[in-house]
Amino acid sequence: MSSYMTAAEAAAELGISRATLYAYVSRGLLRSAPATDDATDANHASGVSSTSSNAAPNGRSHAARRYDAAEVRRLARRKADGKRAGKVAQKVLDWGVPVLESSITLIAGGKLFYRGQDAVELARHASLEEVAALLWECTPRRVLDAPAAPIAAAQWSAWLKLWSGHSPLERALVLLPAAAAQMPRIWAQGRDAQLDNAAVLMRLLAAALVSAAPSGEPLHRQIAHAWGVRSRNQADLLRAALVLCADHELNASTFTVRCITSTGTHLFGAATGGLAALAGPRHGGETVRVAALFEEAAHADDLHRYLAQRLAPDENGVTPSLSGFGHPLYPDGDPRARLLLDWLAQRAPARSPMAEVDLLAQAVMETTGARPTLDYALAAIERVLALPRGAAFTLFAAGRVTGWIAHALEQNADGRLIRPRARYVGEHVHA
């Protein structure tokens, strides 16, 4: 059996038209490669012309390209599995289909809800501590009055000094496990002990990210102080950003936290795993890519020409994605970004790159129709307020830990191990 397929063979295997096959390639679902001379000659012999309607935008014929047979068959199996999975809904990831029930967050109708309350409306007035209480199902006073971290100030200061030259992420990934070793009730399963550990975890992560001493003061004030933000309105913007970062259903980092928690480990261990997942450039680390986009766009002589070059399809017809734009869960625009960008415009310093932020968003909208996401808004806050490098990621992580904790508590209450099955798609070797 040949290791490659023609366009006709690949389309037949997938049960789709050739036009859909080419769309799969342009969307990155399937790769194609230039056909060999023999394959090209065969196509011509069968009446396929390189100047036919199947010609690719770069002038090469789609029909004269070839497709890896194993990749095509894997995609065909995934399509078939997806149809079957749509008919079978398991309640939990318990040796079954990846579906998990949760009463924490809902994304529906272009809106985000925390336990039934509109997150954008909460961001207008609530502190992160108040949202944590909502997500953890306790009183705000319970969060605020939780005991301080059982770590000596001198020891924490020494740790910060040792890791002062590292990024907020690197510092947090080291200090959270170190702090866990100092927690006397880290493995306790009682509700009170878990809430105490949750409050300590939230404070310690923020302190590690901004390289400050942990405090019982509201986190947005701690962060504003560490960054030298003196304007009350700008500190209020940081508060809103933290609230809007608190949770977002089963994203990659939250799912990681739930998987780790289901093994029976403690909150600090689960949160450390979530932090590692959040750091990936396709998740919370997206803010770093948006920061780079801002820098490139700011130095472009012609913004629209720059975007056209950035978004030009590659040789396979695949259009690159643009960091910070177009969220699949919000086809009409990310409401979190909308609020934060509106508030940022109102609170921007007199001399700031806010105009550049607006122009880039408008140009992308005109070019692609895509609207800014939360990542774009966080990176814009960092840039416009001249915050320390990595501030956008810090806001994301310091806010998101509250949601991780809520999911960990919910997973603990469920008590079952998350253990999905893998559907084997490799080759079968017969003896």
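The values are calculated or read from the model by the stated rules, or taken from the named source; none is laboratory data. What you are looking at is a predicted structure, and each value in this text was computed from that prediction instead of being measured. We place every Cβ from the backbone using ideal geometry, glycine too, and count neighbours over all the protein chains shown.
Tabulated data
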{"read-out": "Selected residue [assigned to a loop (DSSP other than H, G, I, E, B) and either of a type in the set (S, T, N, Q) or closer than 30 Å to TRP227 by Cβ (or both)] from LEU395, LEU378, LEU387", "value": "LEU387"}
{"read-out": "Selected residue (criterion: surrounded by the most Cβ atoms within 10 Å (Cβ to Cβ)) from residues of the range 362-389 that are among the small types (Gly, Ala, Ser) and farther than 25 Å from GLU130 by Cα", "value": "ALA380"}
{"read-out": "Number of positions in the range 223-246 that are more than 14 Å from VAL143 (Cβ to Cβ) and not in a loop (DSSP other than H, G, I, E, B)", "value": "16"}
{"read-out": "Per-region count, the range 291-319, residues part of a loop (DSSP other than H, G, I, E, B) and farther than 29 Å from TYR24 by Cα", "value": "4"}
{"read-out": "Subset tally (residues that are touching a Gly at 6+ places or on another chain (Cβ under 8 Å) and part of a helix (DSSP H, G or I)) for the range 398-430", "value": "3"}
{"read-out": "Qualifying positions in the range 186-219 - assigned to a loop (DSSP other than H, G, I, E, B), touching a Ser or Thr at 6+ places or on another chain (Cβ under 7 Å) and of a type outside the set (Gly, Ala, Ser)", "value": "PRO218"}
{"read-out": "Search result, residues across the range 362-375 that are among the aliphatic types (A, V, I, L, M) and in a helix (DSSP H, G or I)", "value": "ALA363, VAL364, MET365, LEU374"}
{"read-out": "Subset of the range 142-185 [basic (Lys, Arg) and assigned to a loop (DSSP other than H, G, I, E, B)]", "value": "ARG185"}
{"read-out": "Residue pairs meeting the criteria (Cβ under 9 Å; at least 6 apart or on separate chains; first crowded, with 18+ Cβ neighbours inside 10 Å, in the range 407-431; second in a strand (DSSP E or B) and modelled with pLDDT under 85)", "value": "ILE418/ASP94"}
{"read-out": "Cross-chain or 6+ apart pairs with Cβ under 6 Å, the range 9-28 first and farther than 14 Å from LYS79 by Cβ and assigned by TED's automatic domain parsing to the domain that holds GLU71, then assigned to a helix (DSSP H, G or I) and of a type outside the set (S, T, N, Q)", "value": "ARG18/ALA7; ARG18/ALA11"}
{"read-out": "Residue among LEU322, LEU359, LEU329, LEU341 that is assigned to a loop (DSSP other than H, G, I, E, B) and over 22 Å from LEU134 (Cβ atoms)", "value": "LEU322"}
{"read-out": "Near pairs, Cβ below 6 angstrom, 6+ apart or cross-chain, from the range 352-380 (acidic (Asp, Glu)) to any residue that is not in a helix (DSSP H, G or I)", "value": "ASP375/GLY324"}
{"read-out": "Conditions (1) part of a helix (DSSP H, G or I); (2) modelled with pLDDT of 85 or more; (3) under 30 Å from GLY15 (Cα atoms); number of the one not met by LEU135", "value": "(3)"}
{"read-out": "Any pair with Cβ under 8 angstrom, 6 or more apart, that starts in the range 388-402 at a residue that is small (Gly, Ala, Ser) and ends at one that is buried (at least 24 other Cβ atoms within 10 Å of the Cβ) and outside any helix (DSSP H, G or I)", "value": "ALA397/GLY284; GLY399/ALA246"}
